[in-house]
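Chemist: Dumping the structure here so I can ask a few things about it.
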Amino acid sequence: MEEQVGRIGMNTGISRRGFIKSCSVAAAALGLSEAMIPQLLEAAESAQRPTVIWLHFQECTGCTESLLRGSHPDIGRLILDIISLDYHETIMVPSGHQAEKSLHDSVEKNKGKFILVVEGAIPTANNGEYCKIAGRTAMDILADIGPKAAAVISLGTCASFGGVQAAAPNPTGAKGVQELLSGVPIINLPGCPPNPITFLGTVLHYLTFKRLPNTDDMGRPLFAYGRLIHDHCERRAHFDEGRFVEEFGDYGHRNGYCLYKVGCKGPETFSNCPAARFNDVDVWPVSVGHGCIGCTEPNFWDSMAPFYERLPNVTIPATGISTGVDKAGKVILGVAAAGAAIHGAVGIAKSKLKCCKDKA
Ligand code: FSX
Ligand code: SF4
Ligand code: F3S
């Protein structure tokens, strides 16, 4: 049986090995050196779990679903052990008046100290009547609870920028948290849904350094949204050499060519998807043959549509690859480059894991 790690794993079955691996993957995602991993572990294992209050507004709950289905292993359960989750409508046991009481008791008890996670947009049209919980509008709830938090994490594109609800003509007047709340540090973790590792990295950063990570001018942490997808995509060699999927199911699609011409928005989307990937099977949209639809960008439902048409302002390299053996050779080179990139990422995580095992 594997060694359990103090509080973590006592009730959840998360082993120390799994715990270290999760922290190592988060450290790699944060761009921290291996030397920082023990500090991350110490912060995560600390008895001082920050209270988290998690509100759901206008959304599909995909953000929570993604988190709970995360791995590395079992990131959802790991996160729930690192933080003290006092209120979360999807997974909490109490309901009705009992749930309301636990929310308000926790807010009062932890005033100025808790982390508020918001999932979903906030409708503002008609005084916010399109989203009500316990008889109060999302607008009222956010205005009441938001200023009492130490920091706010807007989880998902809806909470960050309004998301699908804010798509034209935005009938409910949906807005992101940052448009309605000020005076509290707010960080945006967009994605529809966002990658669980980005959430874990943000929480671990906050625990370790007592502040939110540095962000870009849209409030997104640079560790996860500092690079264009196009600049670290495994299909980039195909783009550079002019090898494109012309239509789904064609030769290029079956051979992993670049998806730009069938609508990939990677050249204008900032996210860690090619490196972080999703779930146990290490996939992301482009790796399974679908272009990025730009889900981490504000207003992507409007600005990135139509999803299956190419971006207008991208210059295609003039390489003129055409036929036969030359083409096949370059395909093989491209696939090899992609494989090397994935292998490299896994290798980094493994080496960090090894480092922690050695030090543990
Ligand atoms: Fe939005 Fe999250 Fe997209 Fe859904 O809760 S970011 S619609 S995946 O679930 O808010
Ligand atoms: Fe990758 Fe899309 Fe860029 Fe092609 S256009 S290299 S598929 S991100
Ligand atoms: Fe979203 Fe594009 Fe990543 S659609 S999940 S940002 S590949």
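The values are calculated or read from the model by the stated rules, or taken from the named source; none is laboratory data. Bear in mind the structure is a predicted one, so any value in this text is a computation, not a measurement. All Cβ positions, glycine included, derive from the backbone under ideal geometry; neighbour counts span all protein chains shown. Areas reflect the complete protein model, heavy atoms only, side chains present, ligands, DNA and RNA absent. Shrake-Rupley method; radii C 1.70, N 1.55, O 1.52, S 1.80 Å.
Chemist: On the accessible surface of segment 229-322, probed at 1.4 Å, how many percent belong to carbon and sulfur atoms?
Modeler: 52 percent
Chemist: What's the local net charge at MET304, with K and R +1, D and E -1, over the other residues with C-beta under 15 Å away?
Modeler: Every neighbour counted, the sum reads -2.
Chemist: How far apart, in nanometres, would the label points at TYR251 and ARG69 be if each is projected 7 angstrom from Cα along the Cα-to-Cβ direction?
Modeler: Going by the 7 Å Cα→Cβ label model, 3.6 nm.
Chemist: Additional query: For ASP240 and VAL93, FRET efficiency with R0 = 45 Å and r from the beta-carbon atoms, rounded to 0.05?
Modeler: Using R0 = 45 Å, I get an efficiency of 0.25.
Chemist: Moving on to the next point. Within segment 241-273, name every residue whose backbone N is under 19 Å away from a label modeled 7 Å from Cα of CYS60 along the Cβ vector.
Modeler: From segment 241-273, the list is 264-266, 273.
Chemist: Something else now. State, to one decimal in nm, how far the label point of VAL164 lies from the label point of SER46, with both points 7 Å from Cα in the Cβ direction.
Modeler: About 3.8 nm, to one decimal.
Chemist: How high is the FRET efficiency from LYS113 to LEU222, r the C-beta distance, R0 25 Å, rounded to 0.05?
Modeler: For LYS113 and LEU222, the calculated efficiency is 0.45.
Chemist: Still on this structure: Using the per-residue mean of other Cβ atoms lying within 10 Å as a proxy for protection, in what order, highest first, do the peptides 292-298, 203-209 fall?
Modeler: 292-298, 203-209
Chemist: While we're on this one: If packing is taken as the average number of other Cβ atoms within 10 Å across a peptide's residues, how do 178-191, 87-100, 243-256 rank, most packed first?
Modeler: Descending packing order for the listed peptides: 178-191, 243-256, 87-100.
Chemist: Here is the link list: LYS132/LYS175; LYS132/LYS265; LYS101/LYS132; LYS21/LYS261; LYS21/LYS148; LYS21/LYS210. Which ones come out longer than 26 Å on Cα distance?
Modeler: LYS132/LYS265; LYS21/LYS261; LYS21/LYS148
Chemist: Out of the trypsin sites (Lys or Arg not before Pro) in segment 113-185, which ones are loop residues according to DSSP with at most 16 other C-beta atoms within 10 Å?
Modeler: LYS113
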